[in-house]
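What follows is one structure encoded as structure tokens, with my remarks underneath.
The values are calculated or read from the model by the stated rules, or taken from the named source; none is laboratory data. Keep in mind the model is a prediction, meaning the values are calculated, not measured. A quick note on method: Cβ atoms are made from the backbone with ideal geometry, for glycine too, and the neighbour counts reach across all protein chains shown. These area figures cover heavy atoms from the full protein model, side chains too; ligands, DNA and RNA do not enter into them. Shrake-Rupley method; radii C 1.70, N 1.55, O 1.52, S 1.80 Å.
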Amino acid sequence: MAKVPTSRVDKLLSSMGYGSRKDIARMAKVGGITLDTAPLLDATKRIPVTPDLSTRMRICGETLDPLAPMIILLNKPVGMTCSHKDGGALVFDILPSRWKSRNPRVSTVGRLDKDTSGLLLLTDDGDLLHHVTSPKRRVEKTYRVKLARPLRGTEGDLFASGHLMLENEDKPLAPAKLEVISTTKALLTITEGRYHQVRRMFAATGNHVEELHRERVGGLKLPDGLAVGEWWHLSKEDILSIFR
Ligand code: URA
């Protein structure tokens, strides 16, 4: 049987962003940390680290955040940047501030532009991040696009051709699928994640993207019940559906 890892409570909680080891010792002393409803007064105690800890342990009455690996699906609003340090509003500002101090660090899985909304994944799992963003995996991403000018009718064939070369690049884009909704609205599915890719694809056809919203990553769709700015924790099964 695999050995269950153990950790000191102060070390574990500090790596999850709940404060310094000193802060956690203080919190424990006053009964702020409970395990199976019993106060855990000594933060130097070693405990088994199992995934069910996030339902069994409470910090100041609140259930513990998921242990690493933690995966979040956020319905990103327009106007927020996918960065840890740019000026202005950041997607991390929407999430609990303690997550900024988690170790391993929580990062966005790829990026959406400041002006793009929709499905954004965040994780502290470096392998998952690499798998989803690796061009070799060809994970499909579907975007809903609103255009400034009517489609010409030739865009679908051009995008599907595998010959479209974007400005200042030396490799053509992989084939992409366009589904026309109306003269100025469409769904575009791509398998790469080049810089401003969707906006630049339409710019190459003489058009301009006015609104861009990501609806799907692999088999994972933005849930209807998830309002703009809201987020959910994802399970391992949800993640597998990305690579279905
Ligand atoms: N393509 C873009 O141009 N912007 C995004 O945010 C995502 C894909």
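Descriptive notes on the structure:
- Applied to segment 196-202, the Karplus parametrisation 6.51 cos²θ - 1.76 cosθ + 1.60 on θ = phi - 60° returns per-residue 3J(HN,Hα) values of 6, 4, 5, 4, 6, 5, 6 Hz, with x for Gly and Pro.
- List HIS213, HIS233, ordered by accessible area with a 1.4 Å probe, largest first: HIS233, HIS213
- Computed over segment 6-63: relative contact order in percent, which uses C-alpha pairs under 8 Å that are six or more apart: 36
- Reach of LYS29 by Cα under 21 Å, taken over lysines that are not fewer than 8 positions away in the same chain: LYS11, LYS45
- Spin-label model distance (nm) - ILE47 vs LYS146, 7 Å beyond Cα toward Cβ: 4.8
- Measuring nothing but how far apart in sequence close Cα pairs (under 8 Å, 6+ apart) lie, relative to its length, the chain scores a relative contact order of 18 percent.
- Pairs with C-alpha atoms separated by more than 26 Å, drawn from the list LYS114/LYS185; LYS85/LYS221; LYS76/LYS100; LYS76/LYS185, are LYS85/LYS221.
- Each residue of segment 174-187 was assigned a 3J(HN,Hα) from its phi angle through the Karplus curve 6.51 cos²θ - 1.76 cosθ + 1.60 (θ = phi - 60°); the sequence is 5, x, 10, 10, 9, 10, 7, 9, 7, 4, 10, 10, 7, 10 Hz, with glycine and proline shown as x.
- Residue with peak Gaussian network fluctuation, the chain [Cα springs, cutoff 10 Å], from ARG111, ARG199, ARG152: ARG152
- Compared with the direct C-alpha span, the chain from ALA68 to LEU240 gains 60.2 nm at full extension, assuming 0.36 nm per residue.
- Distant-in-sequence amide contacts of SER7, defined by a placed amide H-H separation under 5 Å and a gap of 5 or more residues or a different chain, comprise ILE47, VAL49.
- Counting charges near ALA186 (Lys, Arg +1; Asp, Glu -1) among other residues having Cβ under 15 Å from its Cβ returns a value of +4.
- Amide H within-cut-off set for LEU90, under 5 Å, with H built and near neighbours excluded: THR81
- Accessible surface of SER97, taken over heavy atoms with a 1.4 Å probe and every protein chain present, rounds to 90 Å².
- Tensor-based shape of segment 49-178 (alpha-carbon gyration tensor, a/c under 1.5 rounded, otherwise prolate or oblate): prolate
- The chain, helix-only ellipticity at 222 nm - DSSP H runs n ≥ 4, -39,500 (n - 2.57), divided by all residues, nearest 500: -4500 deg cm²/dmol
- Kirkwood hydrodynamic radius computed over the chain comes to 20.2 Å, based on all pairs of distinct alpha carbons.
- Rounded, prolate or oblate (a/c below 1.5 giving rounded, otherwise prolate when a/b exceeds b/c) for segment 6-63 by Cα gyration tensor: rounded
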